[in-house]
Amino acid sequence: MKKSIGSRLGTLLTALTGVCFLVSFSVVLVLNLRQIYYHDAKELRLAEQAGLTEEQLRENYDVLIDYNLIWTGVDELEFPDFPMSEHGRIHFEEVRRIFIGLQVLMIVSLGLLIFGLWSKIRKEAYECLRMTAVLSLVIPTVLGAAVAWNWEWFFVTFHRIAFSNDYWLFDPSVDPIIEVLPDIFFLHCAGAVLLCLVAGSAAAWVAYRILIGRAKRS
């Protein structure tokens, strides 16, 4: 009985580790997909509105993304063409801490997931993959429903939960960068993250079915 409980607990922990990896990986992947912003900026003519060239606008966006990545070694944020208030700087620092945390989580959870899957697959215990697939699908289903129901409510609620202040409410007169970071861009990023989670869930399910099939044939 004790072995059964320990095995189930191990399966659950491996599945939760898989979910943590898929969530963090999806966010980090989308963070690095700069083409999403490039596309939106071109379609919305954001460079023209800001009085910049598309190349200049991309350079400013690249500076922001590099600031949020571990491997770039960029520790200070300085936009080439936009001024920044103290509140704006604090908010970007808070955002950076979240993204850095997610990148660390991605790396750590990947290591733990590899170990957990190796241990389970070696014993032909594949339930953790099925559980990972199911749990990973719940997240995009719930969040996708919230986004579809009311994106503005979701966006505001997320910021109120993630941040302990209202510095995310930018004043364009002192932080004009906000005018080239429209809500529709963040909506597209959220959609991309959810799609990545669905793809990750599908991959876990396919792996589960393949391994179960092989086990039955043998």
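The values are calculated or read from the model by the stated rules, or taken from the named source; none is laboratory data. This one's a predicted model, so the numbers in the text were calculated from it and none came from an experiment. Please note: Cβ atoms are built from the backbone with ideal geometry, for glycine as well, and neighbour counts cover all protein chains shown.
Are any residues in the stretch 33-55 in contact with a helix residue (DSSP H, G or I) (Cβ under 7 Å, 6 or more places away or on another chain) and either under 18 Å from Leu187 (Cβ atoms) or not in a helix (DSSP H, G or I) (or both), and if so, which ones? Within the stretch 33-55, Leu33, Arg34, Ile36, Tyr37, Tyr38, Asp40, Ala41, Lys42, Leu46, Thr53 qualify. For beta carbons closer than 6 Å, sequence separation of 6+ or different chains, a first residue in the stretch 90-106 that is at positive phi and modelled with pLDDT under 95 and a second that is surrounded by 13 or more Cβ atoms within 10 Å (Cβ to Cβ) and not in a helix (DSSP H, G or I), there are no qualifying pairs.
Applying the selection to the stretch 3-32, what residues are surrounded by fewer than 16 Cβ atoms within 10 Å (Cβ to Cβ) and touching a residue at least 40 places away in the same chain (Cβ under 8 Å)?
Applying the first criterion (surrounded by fewer than 16 Cβ atoms within 10 Å (Cβ to Cβ)) to the stretch 3-32 yields 3-9, 12-13, 29, 32.
Ser7, Leu12, Leu13, Leu29 - these are the residues of the stretch 3-32 that are surrounded by fewer than 16 Cβ atoms within 10 Å (Cβ to Cβ) and touching a residue at least 40 places away in the same chain (Cβ under 8 Å).
Taking (1) aliphatic (A, V, I, L, M); (2) free of Cβ contacts under 8 Å to residues at least 40 places away in the same chain; (3) surrounded by 13 or more Cβ atoms within 10 Å (Cβ to Cβ) in turn, Ile177 satisfies each apart from (2). The lone criterion from (1) at pLDDT 95 or above; (2) closer than 20 Å to Thr17 by Cα; (3) outside any helix (DSSP H, G or I) left unmet by Glu124 is number (1). Summed over the stretch 57-87, the residues that are touching a helix residue (DSSP H, G or I) at 6+ places or on another chain (Cβ under 7 Å) and in a helix (DSSP H, G or I) give a count of 8.
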